[in-house]
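Following: one structure in structure tokens, then a few remarks.
The values are calculated or read from the model by the stated rules, or taken from the named source; none is laboratory data. Note that the structure is a prediction, hence the values are computed from the model and not measured. Positions of Cβ are generated from backbone atoms using ideal geometry, with glycine treated the same way; all protein chains shown enter the neighbour counts.
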Amino acid sequence: MAEIGTDIQKAAQLLKTGKLVAIPTETVYGLAGNAFNEDTVIRIFEAKDRPQFDPLIVHSSSTQWIKEHVSEIPPLAQKLMNDFCPGPLTLVLPKKTIIPDIVTSGLDSVAVRVPSHPMTQELLKLLDFPLAAPSANPFGYVSPTTAKHVNDQLGDKIDYILDGGPTTVGLESTIIGFEDGKAIVYRLGGLSIDVIEDSIGKVEVALNQSSDPKAPGMLKSHYSPGKPLYFGNPGQLISDFEGKRIGFLGFMTPLEFLPPDRQLLLSPHGDLQEAAINLFAFLRQMETFPVDVILAEELPDIGLGKAINDRLRRAATITKT
Ligand code: TXA
Ligand code: MG
């Protein structure tokens with residue numbers, strides 16, 4: 001198991017010697033290493049068992065630093081950076097050669113982000129290099145929102161876990177790229193589309209659902225909670241599972257005919273932000289329930305509900321909405 005602590009200096013020293021450190025961000029915990037050190041970056045892929053065709057996000061302390069790593073910032077990207085950095089937003093921009101190809105899986109673009117978590121902000125300011133950091137979970141599994149989640153799964157592969165408490169957003173960052181002067185959302189996440197559109201006007205959403213290893217970005221099957229998960233309308237799903245032990249991950253209202261100790265509600269008073277914070281921890285908890293299948297209810301398709309539904313759809317074996 002890894003050492004868990006709050007020693008930012010220690011985390012910085014380890015990172016300076018090429019070691020891996022799990023870091024808190026406002027979205028999810030990241031598995032961080034020096035983005036300029038190719039050996040370290042390779043060890044990030046290995047620790048996660050992540051294929052090297054799936055590129056990493058580069059984290060910096062300020063948008064000023066981002067300018068060192070990208071060759072162009074289109075006006076829409078600049079506006080988004082002004083409005084939402086630091087925060088749960090990642091921008092895909094043309095890369096400078098200082099970013100090693102291994103970080104971007106050979107793409108000529110790099111995903112950049114300024115996390116707002118105060119501990120990670122302080123850590124980044126102690127370093128003269130940016131941090132490459134994917135979510136700190138084994139490839140294809142649910143992202144970690146606490147230090148314990150990281151330790152449970154990757155504890156024997158990393159040198160230190162910087163504990164910044166439970167994350168306050170709970171979903172990974174929203175990823176946006178720019179094509180022909182237009183902003184395209186590649187991944188729904190902690191910054192909702194309506195908030196983005198208030199800043200830069202209408203955006204296109206082109207979620208990459210491909211299972212083609214050559215395609216960058218989101219792979220189709222992801223966020224697996226380790227038990228069969230069925231997503232959609234509980235009334236329609238339930239008929240398929242007679243005789244099976246069912247766990248229910250609902251939004252506000254429990255299912256009357258199931259034992260209460262096999263149900264978790266993401267937000268009993270219907271707050272989508274609270275639901276986002278609880279989502280990944282509850283998926284992990286459901287895995288430990290004495291149930292055969294997890295039924296996950298579709299949330300209202302508005303605001304953060306869109307990103308939550310996206311994660312549940314990716315976690316699902318079967319969808320019936
Ligand atoms: O909130 C987050 O974004 C967290 C925290 C730790 O920052 N990180 C995170 O990283 O979710 P990861 O590696 O789990 O997801 C990054 C996604 C991947 O789907 C990857 O394919 C995509 O970003 N990505 C990275 N570079 C890209 C690029 N140049 N073009 C398109 N997609 C890219
Ligand atoms: Mg991830």
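Scan region 105-126 residue by residue and report those that are within 11 Å of ligand 1 (Cβ to nearest atom) and surrounded by fewer than 21 Cβ atoms within 10 Å (Cβ to Cβ). Steps first, answer last, please.
Narrowing region 105-126 to residues within 11 Å of ligand 1 (Cβ to nearest atom): 105-117, 120.
Scanning region 105-126 gives Ser105, Gly106, Leu107, Asp108, Ser109, Ser116.
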Count of region 165-195 residues which are surrounded by 19 or more Cβ atoms within 10 Å (Cβ to Cβ) and among the charged types (D, E, K, R): 2
Exclusive hit being within 16 Å of ligand 2 (Cβ to nearest atom) and of a type in the set (A, V, I, L, M, F, W, C), set Phe139, Phe84: Phe139
Top-ranked residue in region 55-109 [being among the charged types (D, E, K, R) and touching a residue at least 60 places away in the same chain (Cβ under 8 Å); ranked as nearest to Ala206 (Cα to Cα)]: Lys79
Pair list, Cβ < 6 Å and 6+ apart or interchain, from region 181-208 residues that are touching a residue at least 24 places away in the same chain (Cβ under 8 Å) and of a type in the set (Lys, Arg) to residues that are more than 15 Å from ligand 1 (Cβ to nearest atom) and in a helix (DSSP H, G or I): none
Does at least one position in region 273-285 carry a residue that is closer than 23 Å to Ile196 by Cα, surrounded by fewer than 19 Cβ atoms within 10 Å (Cβ to Cβ) and at pLDDT 90 or above? yes
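Condition (residue is surrounded by 22 or more Cβ atoms within 10 Å (Cβ to Cβ) and closer than 22 Å to Val142 by Cα) applied to region 3-19: is it met by at least one residue? Before you say what the answer is, go through the steps one by one.
Quick first cut of region 3-19, residues surrounded by 22 or more Cβ atoms within 10 Å (Cβ to Cβ) only: 11, 15.
Still in the list and also closer than 22 Å to Val142 by Cα: none.
No - not one qualifying residue is present in region 3-19.
Output the residue which, of all residues in region 200-247 that are among the β-branched types (Val, Ile, Thr) and part of a helix (DSSP H, G or I), is modelled with the highest pLDDT.
Going through region 200-247, the residues among the β-branched types (Val, Ile, Thr) turn out to be 200, 203, 205, 238, 246.
Checking which are part of a helix (DSSP H, G or I) leaves us with 200, 238.
On the way: Ile200: 98, Ile238: 80.
Checking each candidate, the answer is Ile200.
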Every listed condition ((1) small (Gly, Ala, Ser); (2) within 14 Å of ligand 2 (Cβ to nearest atom); (3) within 23 Å of Val205 (Cα to Cα)) holds for Ala133 save (3)
Would you confirm whether or not region 248-270 contains a residue that is in contact with a helix residue (DSSP H, G or I) (Cβ under 7 Å, 6 or more places away or on another chain), without any contact (Cβ under 8 Å) to a residue 12 or more places away in the chain and farther than 25 Å from Val195 by Cβ? yes
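Examine region 46-54 for a residue that is within 25 Å of Leu279 (Cα to Cα), surrounded by fewer than 20 Cβ atoms within 10 Å (Cβ to Cβ), touching a residue at least 12 places away in the same chain (Cβ under 8 Å) and of a type in the set (Lys, Arg), and state whether such a residue exists.
Taking region 46-54 first, the residues within 25 Å of Leu279 (Cα to Cα) are 47-50, 54.
Now drop any that are not surrounded by fewer than 20 Cβ atoms within 10 Å (Cβ to Cβ), which leaves 49-50, 54.
Those left that are additionally touching a residue at least 12 places away in the same chain (Cβ under 8 Å): 49-50, 54.
Restricting the remaining residues to those that are of a type in the set (Lys, Arg) gives 50.
Within region 46-54 (the criterion being within 25 Å of Leu279 (Cα to Cα), surrounded by fewer than 20 Cβ atoms within 10 Å (Cβ to Cβ), touching a residue at least 12 places away in the same chain (Cβ under 8 Å) and of a type in the set (Lys, Arg)), the answer is yes, since at least one residue qualifies.
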Restrict the check to region 145-165 and report whether at least one residue is more than 16 Å from ligand 2 (Cβ to nearest atom), in contact (Cβ under 8 Å) with a residue 40 or more places away in the chain, assigned to a loop (DSSP other than H, G, I, E, B) and not charged (D, E, K, R). yes
Please state which of the following conditions Gly181 fails to meet, knowing it meets all the rest: (1) under 18 Å from the mean Cα position of the chain (by Cα); (2) more than 19 Å from Ala276 (Cβ to Cβ). (1)
I need the full set of residues from region 50-105 which are among the charged types (D, E, K, R), over 16 Å from Thr40 (Cβ atoms) and touching a helix residue (DSSP H, G or I) at 6+ places or on another chain (Cβ under 9 Å), in order please. Asp54, Lys79, Asp83, Lys95, Lys96
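Can you tell me which residues in region 166-177 are within 16 Å of ligand 2 (Cβ to nearest atom) and in a strand (DSSP E or B)?
Thr174, Ile175
When only residues in region 127-143 that are within 13 Å of Ala32 (Cβ to Cβ) and assigned to a loop (DSSP other than H, G, I, E, B) count, which is nearest to ligand 1 (Cβ to nearest atom)? Spell out the reasoning first.
Taking region 127-143 first, the residues within 13 Å of Ala32 (Cβ to Cβ) are 127, 129-136.
Next, from what is left, pick out any that are assigned to a loop (DSSP other than H, G, I, E, B): 127, 129-130, 133-134, 136.
Numbers: Leu127: 16, Phe129: 16, Pro130: 12, Ala133: 5, Pro134: 3, Ala136: 7 Å.
Top of the filtered list is Pro134.
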